[in-house]
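Read the structure below first, then the notes.
The values are calculated or read from the model by the stated rules, or taken from the named source; none is laboratory data. Fair warning: this is a prediction, and the values are worked out from it, not measured in the lab. With ideal geometry, Cβ positions are generated from the backbone for all residues, glycine too; neighbour counts draw on all protein chains shown. Note: accessible area is taken over every heavy atom of the protein model, side chains too, but ligands, DNA and RNA are not part of it. Shrake-Rupley method; radii C 1.70, N 1.55, O 1.52, S 1.80 Å.
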Amino acid sequence: MDDLNSIKLTGGFAFPSNVRRIVVLTAALTVGLSFLVATGLLIKDALHERHVLAHRGLSVSVTAADLLDREVQGLGNLLKGLSRSPHLQTNDLEAFDAQLKATPHPEGASFILWDLEGQLLNTKRPFGSQLPRIVELPATVKERFPVVRRERLSLSDRVDNPVVQRQTVSVSLRLDDEFGEMSRILSLVLPDDHLSKAAENGEATSGWRTFIVDRNLQEMTGPAEPRQAPFVHGMRELREALSEPEREGHFEIGTGPNRLLVTYCRSRVSGYTAVSVAPAAMLKAPIERAVYRIAMAGALLFAVGGASASLLVRNGGPLDTMRRDAATTRGELAAANARMSSILESVSDCYFTLDRAYTIVDVNAAAMRWWGHERRKVVGQSYFDIVGHDPAFDAALAQAMHHRRQFQGALASIYHPGRYIDYRVYPSPEGASVFFSDVTDRYEAHRAAIREREFLQASLDALSAHVAILDDRGIVLSVNGAWHRYAQHNGSPESPGPGMSYLAACDAARHEGVAQERIFRGMEALVAGRQSSFQALYRSRSSDDEGWFLLRASRFSAAEEARIVVAREDVTEIMAARAEVSEMSERLLTLQEEERRRIAAELHDSTAQHLVAVGLSLMQVGALGLPPAGQRILDEIDRSLEEALKELRIFTYLLHPPGLETDGLAATIRAFADGFADRSGLAVATRLADETEQLSPELQRALFRIVQEGLANVHRHAGAKNVTVSLRITPTEVILSIGDDGKGMRGRRSGSGARTTLGVGIPGMRIRLSQFGGNLRIRSNRRGTVVRAAAPRDADSIAGKDYTSAQTS
């Protein structure tokens with residue numbers, strides 16, 4: 001308690017002695033650590049600078065060796081070019097000597113041509129001069145011949161050349177005869193300083209001196225100091241180091257102030273070595289600078305640290321403020337933690353935290369209720385002791401603990417079997433935070449929705465029809481198995497898969513026919529919402545065996561979203577049966593027409609003649625002078641006979657019309673109507689289009705037969721006075737109308753009270769129109785009857801022909 005003295009509220013603050021020691025010790029440690037860090041960095045920089053200096057010297061040596069290699073290769077290429085001289089090939093030595101002397105070459109150099117006995121040419125001497133033989137030459141020259149024979153292109157070591165009174169080197173090229181044996185040697189003799197000049201680096205490197213030594217470690221004369229004492233020859237330590245097999249490297253030699261740093265690089269081509277030397281004092285300079293900087297940094301850190309410690313000891317107010325701020329912060333943090341714990345306790349989700357050893361650190365009330373344990377039995381316990389192991393839960397925790405990635409998913413509870421929980425694991429610095437909640441009802445509802453969707457899909461797949469569900473833009477959402485199998489088997493563009501546009505597929509196929517055009521228009525109206533449903537019959541040409549399909553499409557709403565269902569049924573068999581029925585009907589109608597012609601011919605040629613004969617006989621009977629009563633009876637017979645002949649002429653005319661093939665439909669209908677009017681006494685008006693020649697012959701014949709049947713029905717049943725026959729042609733249809741002002745077709749009862757049925761006339765009309773995809777409509781009332789027949793303008797008979805029909809509703 002004695003240390004807690006002298007707190008002056010008016011301004012000063014006196015530290016307890018232990019606090020003063022802590023402040024001084026902290027300042028000393030800070031200064032010492034800073035000094036160590038600065039020292040380490042400065043030493044690292046100094047060592048790096050030493051390494052850079054050594055590497056720079058090695059770079060100088062490598063560059064010099066590379067320049068030397070290039071020069072030797074260039075001189076070798078010069079000799080190879082001269083070896084292909086035509087003068088040499090023809091052994092014209094005098095011309096070749098002139099060529100050699102005229103060839104540009106280094107200053108002080110000369111060319112020599114040798115054979116196996118001695119010199120043949122020497123550009124230092126006139127042609128034809130007496131030249132030395134090999135046996136007369138020094139041993140150093142004789143030793144080069146086996147080397148040239150072996151290496152073909154060789155650079156000699158430095159030798160004393162008495163001819164030029166200086167040190168020289170030579171580049172020699174082996175020349176072979178036609179058998180591949182060496183017969184001559186072409187040499188270029190150079191002053192040794194030429195190689196030193198060639199190896200000079202264009203960039204000046206401060207403090208470094210570079211020179212070249214041959215394979216015998218003889219130093220080449222430098223260009224700046226051609227007669228300087230050899231550097232290598234007088235240093236045994238340097239010669240021993242350069243004799244090592246390494247191609248390049250660096251080392252230090254000498255002692256005291258004469259200590260040197262040496263770098264070298266041996267040429268791969270010539271075997272010569274480029275050597276660079278510098279005073280070893282260059283390497284000490286970075287260390288000396290580092291020591292100086294370390295001393296300055298230590299002094300500066302000591303001064304700053306001492307001043308800071310003195311300031312802190314003298315004035316403790318800021319530390320006291322920091323201490324109070326820290327206490328306040330701890331209180332606020334504790335309050336925040338308390339509020340967070342309160343929030344976590346109040347949430348409905350279960351929550352707990354784990355450390356990296358899977359120990360439960362914290363848990364809320366919802367989790368304790370789920371587990372059925374008290375807090376003291378949960379906190380501090382292993383998670384696996386409370387819950388147990390499960391591969392799915394263990395993997396979720398490991399993902400957050402070890403891989404630092406959060407996990408979220410629905411898992412089957414291992415603590416409450418049969419329940420499902422939404423499990424969320426979030427990585428934290430201490431371990432992981434886990435939230436989970438019971439989602440069994442939601443999970444079961446989701447499973448039920450999935451089962452319902454699968455049942456719906458299975459139901460669609462069980463249908464034989466091809467079914468596709470589209471969205472409000474015409475994009476395919478799903479298809480059934482029949483649709484998918486048809487698309488797979490036929491590769492059909494009319495069966496796009498999910499994600500593709502069915503409207504676009506219809507647009508691409510609209511040029512194939514009228515039905516495809518109507519399908520596109522119908523689908524376009526469905527997508528736009530202008531139409532709720534439509535159906536179409538069309539013929540598909542995408543499969544190997546072309547088939548007929550009936551397409552139905554409907555727009556409906558599902559969950560406030562518009563959907564379109566497209567169902568396509570294969571009606572090929574139905575259409576084939578319909579074609580057979582139509583063909584049979586056509587045959588029956590043909591037989592009917594043939595029978596009508598035969599009957600008409602019989603009535604005209606036989607029955608009518610007999611009636612005429614009866615009339616003539618009655619005229620003879622009348623001439624016999626019968627009594628008045630007999631004459632009246634005879635007159636009635638005569639009137640009945642005339643009426644029978646009139647009816648017979650009408651029916652024979654109806655049964656055997658004029659030639660349609662020769663006159664055309666419009667002219668035939670007019671002629672037939674005029675003849676019918678003359679024979680029946682009805683007023684027949686015709687309004688006929690003139691473009692009937694564009695119609696197929698089969699359709700013209702069917703329309704004319706309908707006119708015949710219609711007028712015959714008017715004559716038989718209508719009791720009319722006026723008849724109108726109208727034929728008009730639209731861009732897509734031909735429409736025939738037959739109207740009368742008769743009593744109409746109101747239901748008539750037979751004697752038994754049963755309603756009478758239509759005869760064969762109107763069903764025959766329907767059969768004729770059905771062959772062309774047409775229809776027949778009848779409108780009748782007390783003011784008359786109108787029969788309206790319509791058929792596609794460009795339709796052919798479906799009996800064995802390519803017919804396309806589509807209807808929209």
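Things worth noting here:
- Placing R0 at 60 angstrom, the Cβ-Cβ distance between residue 151 and residue 49 gives a FRET efficiency of 0.90 after rounding to 0.05.
- Cα centroid separation, region 623-637 to region 377-400: 130 Å.
- Between region 93-120 and region 258-296, the C-alpha centres lie 44 angstrom from each other.
- Anisotropy class of region 701-748 from Cα gyration tensor, a/c 1.5 cut: prolate
- Carbon/sulfur fraction of accessible area - region 488-531, other protein chains in place, 1.4 Å, %: 54
- The heavy atoms of residue 153 present about 60 square angstrom of accessible area, all protein chains included, probe 1.4 Å.
- Residue order by solvent-accessible surface for 469, 212 is 469, 212, largest first, with ligands and nucleic acids left out and a 1.4 Å probe.
- Among 241-251, 525-535, the order from most to least packed when residues are scored by Cβ within 10 Å on average: 525-535, 241-251
- The gain in end-to-end length when the residue 591 to residue 287 segment is fully stretched comes to 96.7 nm, 0.36 nm per residue minus the alpha carbon separation.
- Note: relative contact order over region 350-443, using C-alpha pairs below 8 Å and six or more positions apart, is 28 percent.
- Pairwise FRET efficiency - residue 328 versus residue 448, Cβ, R0 = 45 Å, nearest 0.05: 0.20
- Three-way shape call for region 347-450 based on the alpha-carbon gyration tensor, with the a/c threshold at 1.5: oblate
- Share of alpha-carbon pairs per 5 Å distance bin for region 128-213, given as whole %: 3, 11, 18, 20, 17, 12, 8, 5, 3, 2, 1
- If the chain linking residue 130 and residue 788 were pulled fully straight, counting 0.36 nm for each residue of separation and taking away their Cα-Cα distance, it would gain 223.3 nm.
- Computed accessible area, residue 152, all protein chains, 1.4 angstrom probe, square angstrom: 120
- Modelled FRET efficiency - R0 60 Å, residue 89 with residue 244, Cβ distances, 0.05 increments: 0.85
- Gain in span if fully extended, residue 258 to residue 535, counting 0.36 nm per residue against the direct Cα distance: 88.7 nm
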